[in-house]
1. Excluding S83 itself, what net charge comes from residues whose Cβ is under 13 Å from its Cβ, given Lys and Arg +1 and Asp and Glu -1?
2. Accessible surface of S83 in the full protein assembly, 1.4 angstrom probe, to the nearest 10 Å²?
3. Calculated FRET efficiency, L173 and R90, Cβ-Cβ r, R0 41 Å, to nearest 0.05?
4. Provide the convex hull volume over Cα atoms per residue for the chain, in Å³.
5. Can you classify the stretch 148-215 as rounded, prolate or oblate using the Cα gyration tensor, where a ≥ b ≥ c are the square roots of its eigenvalues, rounded means a/c under 1.5, and otherwise it's prolate if a/b beats b/c and oblate if not?
6. Per DSSP helix of 4 or more residues, -39500 (n - 2.57); summed, then divided by the residues of the chain. What does that give at 222 nm, rounded to the nearest 500?
7. Rounded, prolate or oblate: which fits the stretch 84-193 when a ≥ b ≥ c are the square roots of the eigenvalues of the alpha-carbon gyration tensor, with rounded for a/c under 1.5 and prolate only if a/b beats b/c?
8. So what is the relative contact order of the stretch 21-117, in percent, for Cα pairs below 8 Å that sit 6 or more residues apart?
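The values are calculated or read from the model by the stated rules, or taken from the named source; none is laboratory data. All values reported here derive from a predicted model rather than from experimental measurement. Note: ideal-geometry Cβ built from the backbone for every residue, glycine included; neighbour counts use all protein chains shown. Protein only, heavy atoms only, side chains kept; ligands, DNA and RNA dropped before computing areas. Shrake-Rupley method; radii C 1.70, N 1.55, O 1.52, S 1.80 Å.
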Amino acid sequence: MIATLLQRLKGELALALIRTFIARGIAAVGGVLLFVVLGRLYGAEGVGVFALAQSIYLGAGILARYGMDNTLMRYVGQDPTSSAVPVYLRWALIKSALLSTTAAVLVFLLRDQFALWFNAPMLGSVLPGIALAIPPFTVAFVFAGFMKGIRKPATACLLENGGIALIATLLVLLFYRISTAGIVMAGWAMAVAAWLVFAQGLWQVRSYLNSKLAG
């Protein structure tokens with residue numbers, strides 16, 4: 001009986017590792033592929049402008065989530081069935097949403113100033129889309145921390161930046177065919193991708209919580 005249980009645990013562990021490896025691979029490919037596509041479509045100048053915009057986006061997201069994704073993973077991971085889990089999650093979501101929205105407003109209002117600081121005139125036109133991406137990007141990371149806490153690391157990987165970048169790559173290709181706005185559309189592609197990943201994370205978290213409440 002013990003041998004059967006150990007064999008089952010090994011099988012489940014192996015499956016979880018394979019899923020996580022595939023998810024991380026997809027996320028890594030997404031991040032690289034986005035820059036490859038931008039380079040082919042808009043050249044080195046476009047890639048440079050987007051890299052500056054992304055650095056602002058990533059920095060704002062890191063500051064706005066304030067380590068709450070890791071904190072949530074730690075507390076939820078201690079006892080995923082605890083009645084306090086929804087309380088922890090709600091607290092983290094409200095705080096991250098408020099901080100990220102504030103950061104997004106600041107980025108939007110200071111977009112021309114950022115362009116002057118970085119000596120990149122096109123940056124100001126890319127930042128409105130990037131600003132719109134900051135809140136869902138930040139909250140999606142909090143969802144990812146929750147998913148890690150309930151032992152779903154593969155799902156968590158797809159809620160982080162690599163998953164957003166992969167969807168953004170497809171949207172950049174689409175926007176390139178239907179618009180002549182240039183690298184500006186990359187910012188809006190990131191915004192749409194971030195909101196799509198946020199919606200996916202929201203649905204998965206709600207489904208998990210509803211199933212636990214129903215059980």
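1. +1
2. 110
3. 0.65
4. 122
5. It comes out prolate by the Cα gyration axes.
6. Result for the chain, helices only: -31000 deg cm²/dmol.
7. Note, shape of the stretch 84-193 comes out oblate.
8. 25
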